[in-house]
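Remarks on the structure that follows.
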Number of protein chains: 2
Amino acid sequence: MFTVLAGGVGAARFLEGLVQVVPQEEITVIVNTGDDLELFGLRICPDIDIVTYTLAGVVDQERGWGIEGDSFACLEALARFGHPTWFRLGDRDLATCLHRTWLLRQGRSLSQATAAIARSFGLALSLLPMSDDPVATRVMTDEGLLDFQDYFVRRGWQVPVRGILFQGIEEARPAPGVLEAIRGAGGVIIAPSNPLVSIGPILALKGVREALRATPAPVAAISPIVGGRALKGPAALMLEGLGLEVSALTIARLYRDFLDIMVIDREDEGLAGEVEALGLQVAVVDTIMRGKEEKRALAQAVVEALRGWSGR
Amino acid sequence: MFTVLAGGVGAARFLEGLVQVVPQEEITVIVNTGDDLELFGLRICPDIDIVTYTLAGVVDQERGWGIEGDSFACLEALARFGHPTWFRLGDRDLATCLHRTWLLRQGRSLSQATAAIARSFGLALSLLPMSDDPVATRVMTDEGLLDFQDYFVRRGWQVPVRGILFQGIEEARPAPGVLEAIRGAGGVIIAPSNPLVSIGPILALKGVREALRATPAPVAAISPIVGGRALKGPAALMLEGLGLEVSALTIARLYRDFLDIMVIDREDEGLAGEVEALGLQVAVVDTIMRGKEEKRALAQAVVEALRGWSGR
């Protein structure tokens, strides 16, 4: 049994590899919900949907989010009423959000809604939101405190980040099954997602970091930073903005208290000694996932490292 | 000032004529909401939207409902989750329903939401739902008691109707402005809509029939029955099912207690004597509205009859 902590696109691509080497029934994915937003009364869960669409094979491959071939007729019609259209919610994508909102209004939890939607898309793995309670990631910038999607989508993450805040995190409880999936796993994987705003909110939830430290399972993390660059998104800019070195070594340091295995790219082989000096095992592999085969190979390497792990 | 009691398509076509002969600012339309439904958590008001889209010039002319050129991507995607797709809600049409639902959840009344949407579509007339409270038209059939849209859209009104019920009508209050618009009008017009399920719910609301009887304004009705046939929809079949004659004379009888002027088609000229015998003034005109000019001519004739009315 493998448990994966996941953000959006990077995690989804890694999971495309993992499902090629491990049966879906043996995988639990805990997904960030700090990016969630409400628009036109609909509950939108970008990371959950990216993972669902990707594993269902319907994702828009080029963008990494949304449904392939989707149209935007409803969104464009909403502009007439003054609703914002910068969050590009397609017509088919909207159906998912409508159904989720409908389930929530019927009294279902986000966990239940997420599981039902994943089943409707034919997925057999366990997809868990990190929490059924609201957590809102906000970023401190020179332009003020911004909602995450305002920063990320509307402003295209081109604003320096001075701080990150997870609103509601103190009151939020991990969703049912989250702590159990960490404690009971055969291996835990931190996907190559943004450590600050994708994995960060999950780790900030009460009990999660403790469960990661206490689990008998080995914990591996795949660095989203390769050669001092972020594979995608604002991770590099954010680390910089917070005064941190843009390096796989920084990722290892951020996870150090619960991590066993750090998976870094061949390009970063020179960092292996420093990572090992943190007390971690290092796996040096190709982490850049261009095609299906490369995704499989990365997942295979991570799974082998976890299976071959011989204790702390 | 003219006040029009309206259902969907027939009323909308008549109103297309009325706005050619009377400034929109002088028109109040009271629209049936007994046909309303909730699907996927959205509040759908078919008659209000038909009137809005028609007057805004965006209606699908051929079908008489929905938005011209609309797509159905969201609806088709909702099928994956088990939602019914027989109610053909297009992507742009859905935007209207999403916005309405959003306004209602923000605490606005249906009246306020309807007015806001009408303004967004550039309308200057007053569009009032008959009530802000829920009223659900249901029809008794051999297959049981059916929700109106189940009977009307899903089964294509091909089931004999044994009775009609307006659920919630006893508790429902006319929307703000409804009774005032009837009492304060210079002329009241009952649009050529189904007398049983379009005009019927409005008339069944507490105080409406009394206001129609008491108003100093003349009240004219345009028959939706011509030559013993319904111009569209199930009016003829419904009248038959209830044991009523399918005739403009029946329409006059249904409205007799508050009606002053009955507008019938030239084809029904032979009924004029019998209608007059009910104590009504009769206007014989072309009521079949094929094009813009015919709509204008019908509205002109009705307005003239009302203006020329010389007392009961």
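The values are calculated or read from the model by the stated rules, or taken from the named source; none is laboratory data. What you see is a predicted model; the values in this text were computed from it and never measured. Positions of Cβ are backbone-derived with ideal geometry, glycine not excepted, and every protein chain shown enters the neighbour counts. Only protein heavy atoms, including side chains, enter the accessible area calculation; ligands, DNA and RNA are left aside. Shrake-Rupley method; radii C 1.70, N 1.55, O 1.52, S 1.80 Å.
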For segment A:113-132, check the following and say yes or no: at least one residue is assigned to a helix (DSSP H, G or I), at the interface with chain B (Cβ under 9 Å from one of its Cβ atoms), out of contact with any Phe, Trp or Tyr (no Cβ under 6 Å at 6 or more places or on another chain) and in contact (Cβ under 8 Å) with a residue 60 or more places away in the chain. yes
Write out, first by first residue and then by second, each pair whose Cβ atoms fall under 7 Å of each other, whose residues are 6+ apart or on separate chains, and whose first residue, in segment A:69-89, is closer than 16 Å to B:Leu75 by Cα and modelled with pLDDT of 95 or more while the second is outside any loop (DSSP other than H, G, I, E, B) and open to solvent by 40 Å² or more (accessible area, probe 1.4 Å). A:Asp70/A:Arg92; A:Ala73/B:Arg92; A:Cys74/B:Arg92; A:Ala77/B:Arg92
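Would you call B:Val208 in contact with a Gly (Cβ under 9 Å, 6 or more places away or on another chain) and either open to solvent by 20 Å² or more (accessible area, probe 1.4 Å) or not acidic (Asp, Glu) (or both)?
Taking the combined requirement at face value, the residue does not satisfy it.
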Subset of segment B:150-190, residues in contact with a Lys or Arg (Cβ under 9 Å, 6 or more places away or on another chain), in a loop (DSSP other than H, G, I, E, B) and aliphatic (A, V, I, L, M), comes to B:Ile169, B:Ala172
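Going residue by residue through segment A:138-149, is there one that turns out to be assigned to a strand (DSSP E or B), at positive phi and either surrounded by fewer than 23 Cβ atoms within 10 Å (Cβ to Cβ) or out of contact with any Asp or Glu (no Cβ under 9 Å at 6 or more places or on another chain) (or both)?
Yes, because at least one residue in segment A:138-149 is assigned to a strand (DSSP E or B), at positive phi and either surrounded by fewer than 23 Cβ atoms within 10 Å (Cβ to Cβ) or out of contact with any Asp or Glu (no Cβ under 9 Å at 6 or more places or on another chain) (or both).
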So, in segment A:56-107, exactly how many residues are within 14 Å of B:Ala95 (Cβ to Cβ), surrounded by 15 or more Cβ atoms within 10 Å (Cβ to Cβ) and more than 9 Å from chain B (Cβ to nearest Cβ)? 2
Which ones in segment A:175-196 are open to solvent by 10 Å² or more (accessible area, probe 1.4 Å) and in contact with an Asp or Glu (Cβ under 9 Å, 6 or more places away or on another chain)? A:Pro176, A:Leu179, A:Gly186
Those residues of segment A:46-55 which are among the acidic types (Asp, Glu) and away from every other protein chain (no Cβ under 14 Å), in sequence order: A:Asp47
What number of residues within segment B:259-295 satisfy the criterion of being within 22 Å of B:Ala217 (Cβ to Cβ) and open to solvent by 50 Å² or more (accessible area, probe 1.4 Å)? 3
Write out, first by first residue and then by second, each pair whose Cβ atoms fall under 8 Å of each other, whose residues are 6+ apart or on separate chains, and whose first residue, in segment A:14-36, is within 22 Å of A:Gly184 (Cα to Cα) while the second is open to solvent by 40 Å² or more (accessible area, probe 1.4 Å) and assigned to a strand (DSSP E or B). A:Ile27/A:Ser126; A:Thr28/A:Ser126; A:Val29/A:Ser126
Could you pull out the residue among B:Ala191, B:Ala204, B:Ala217 that is within 11 Å of the chain's Cα centre (by Cα) and of a type in the set (A, V, I, L, M, F, W, C)? B:Ala191
Scan (1) farther than 26 Å from A:Gly64 by Cβ; (2) buried (at least 20 other Cβ atoms within 10 Å of the Cβ) for the single condition A:Gly163 breaks and write down its number. (2)
So B:Leu278, is it more than 23 Å from B:Thr28 (Cβ to Cβ) and without any contact (Cβ under 8 Å) to a residue 40 or more places away in the chain: yes
Give segment A:219-246 a look and list any residue that's open to solvent by less than 10 Å² (accessible area, probe 1.4 Å) and among the small types (Gly, Ala, Ser), or say none. A:Ala220, A:Ala221, A:Ser223, A:Ala235
Of B:Glu26, B:Glu38, the only residue that is within 14 Å of another protein chain (Cβ to nearest Cβ) and either crowded, with 21+ Cβ neighbours inside 10 Å or more than 16 Å from the chain's Cα centre (by Cα) (or both) is B:Glu38
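Just name the residue that is modelled with the highest pLDDT out of those in segment B:125-154 that are charged (D, E, K, R) and closer than 20 Å to B:Pro195 by Cα.
Step by step, filter segment B:125-154, then rank; the result is B:Arg138.
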B:Arg43 vs. criteria more than 10 Å from every other protein chain (Cβ to nearest Cβ), farther than 21 Å from B:Ser193 by Cα and at pLDDT 95 or above: yes
Considering only residues that are farther than 24 Å from A:Ser126 by Cβ, among the hydrophobic types (A, V, I, L, M, F, W, C) and in contact with a helix residue (DSSP H, G or I) (Cβ under 8 Å, 6 or more places away or on another chain), which ones fall in segment A:55-98? A:Phe72, A:Ala73, A:Cys74, A:Leu75, A:Ala77, A:Leu78, A:Phe81, A:Trp86, A:Phe87, A:Leu89, A:Leu94
Please state which of the following conditions A:Asp93 fails to meet, knowing it meets all the rest: (1) touching a residue at least 60 places away in the same chain (Cβ under 8 Å); (2) under 26 Å from A:Leu55 (Cα atoms). (1)
